[in-house]
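Contents: one structure, followed by commentary.
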Amino acid sequence: MNDRIPLLIDTDPGVDDALALLMAFDDPWHEVVGLTIAAGNVGLRHTVANALKLCEVAGVDVPVYAGCASPLLHPARDAAYVHGRDGFGDTGYEPATREAAAEHAALALIRLSHEHAGRLLLVALGPLTNIALALKLDPTLPERIGRFVVMGGAVTAHGNITPAAEFNVAFDPEAAHIVFEAFARIDLADWEATVAHGFAHTGFEAWLRADSPRARFYDAISKQTREWSSDRRGDHWHSADALAMAFALEPDGALELIERPVAVELEGRHTRGATVVDWRREGGAADNCRILLRYDQARFEGRIRRALAAG
Ligand code: BDR
Ligand code: CA
């Protein structure tokens, strides 16, 4: 019997998504059973193409399912200014030879939740549009998910796309609201945890010199983003999706977690898309999130290094 944990990743690659995917492909205890693709960092056409290309570079044959091309209700601004117009640093790479599967991401998610009922590790690295749609199609979905890890939110409202909101949630707040209401337990790796777990550009550049196709490809696609980041955020680089993936793959690397109710603001003039944490548990809602506050930095960095050097 295959006792690896089945892992389904909903993602919008994206430079930091790519690093997280390489980490997942590299992990011997998990089997990536599919990538469901969201629009977010850039448009769906590019995020699908990027996912397929990354699989090719990593030498994995994981099915890729295209999802929703836009948020549920309101159009949103993408993050091409961070990730490049194509989401992968505009390197002009040769497109992958493989194509996406015909099944819609939301339907694939529901099907895979049945095939791996009770065991599936679901990791969301992008806007939550596909998962919200799957929940509308099948509200029993959470019952079959073994564990759900989300990269999203800013738990004390130190956002990265607006003053109060983080990109993945702000891109499609309605979807995030549906998802945060539906799941009794989400393991949340937010933007503020990301900022607390930066790694030095100089060290990272050394890892990128590893003699592997993965490292060479990642060096090329992340160059623009790393330059953007060092201009604005100083000598440390931050990879939100990589931290979420480390937490997903190796939960006991978490050194500090806190459970609290979290809701998504849909209306505020300054706060639409904010993740509102009831720190004092005043509203009477159940704790629906286990928030990552601190992760073992050495384990996190070791995992990134291995993922880049592999293959
Ligand atoms: C999140 O937003 C995206 O730009 C990144 O890929 C990450 O998932 C960080 O806020
Ligand atoms: Ca992402």
Flag if A20 is within 14 Å of ligand 1 (Cβ to nearest atom) and in contact with a helix residue (DSSP H, G or I) (Cβ under 7 Å, 6 or more places away or on another chain): yes
Cβ-Cβ under 7 Å pairs, at least 6 apart or on other chains, the stretch 55-71 side farther than 14 Å from G34 by Cα and of a type in the set (S, T, N, Q), far side assigned to a loop (DSSP other than H, G, I, E, B) and modelled with pLDDT of 95 or more: S70/A39
Looking only at the stretch 1-33, and only at residues there that are more than 19 Å from P251 (Cα to Cα) and surrounded by fewer than 24 Cβ atoms within 10 Å (Cβ to Cβ), the one that is nearest to ligand 2 (Cβ to nearest atom): V33
Residues of the stretch 105-156 satisfying the condition of being part of a loop (DSSP other than H, G, I, E, B) and within 14 Å of ligand 1 (Cβ to nearest atom): L125, G126, P127, L128, G152, G153, A154, V155
Residue match in the stretch 260-272 (condition: within 24 Å of H30 (Cα to Cα) and either out of contact with any Leu (no Cβ under 8 Å at 6 or more places or on another chain) or part of a helix (DSSP H, G or I) (or both)): no
Failed item in (1) over 23 Å from D86 (Cβ atoms); (2) crowded, with 20+ Cβ neighbours inside 10 Å; (3) under 19 Å from the mean Cα position of the chain (by Cα), with H177 passing the rest: (2)
Whichever residue in the stretch 146-168 is in contact with a helix residue (DSSP H, G or I) (Cβ under 6 Å, 6 or more places away or on another chain) and free of Cβ contacts under 8 Å to residues at least 40 places away in the same chain and, among such residues, is farthest from ligand 2 (Cβ to nearest atom): H158
One residue from V57, V62 being away from ligand 2 (no atom under 16 Å from the Cβ) and under 25 Å from I110 (Cα atoms): V62
Filter pass, L255 being under 21 Å from the mean Cα position of the chain (by Cα) and part of a strand (DSSP E or B): yes
Residue match in the stretch 62-77 (condition: assigned to a helix (DSSP H, G or I), at negative phi and of a type outside the set (F, W, Y)): no
Given (1) in contact with a strand residue (DSSP E or B) (Cβ under 7 Å, 6 or more places away or on another chain); (2) crowded, with 19+ Cβ neighbours inside 10 Å; (3) of a type in the set (D, E), number of the condition D78 does not satisfy: (1)
Residue that is part of a strand (DSSP E or B) and either touching a strand residue (DSSP E or B) at 6+ places or on another chain (Cβ under 7 Å) or under 23 Å from A51 (Cα atoms) (or both), where the choices are R290, R214: R290
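The values are calculated or read from the model by the stated rules, or taken from the named source; none is laboratory data. All values reported here derive from a predicted model rather than from experimental measurement. Cβ coordinates were reconstructed from backbone atoms using ideal geometry, including for glycine residues, and neighbour counts include every protein chain displayed.
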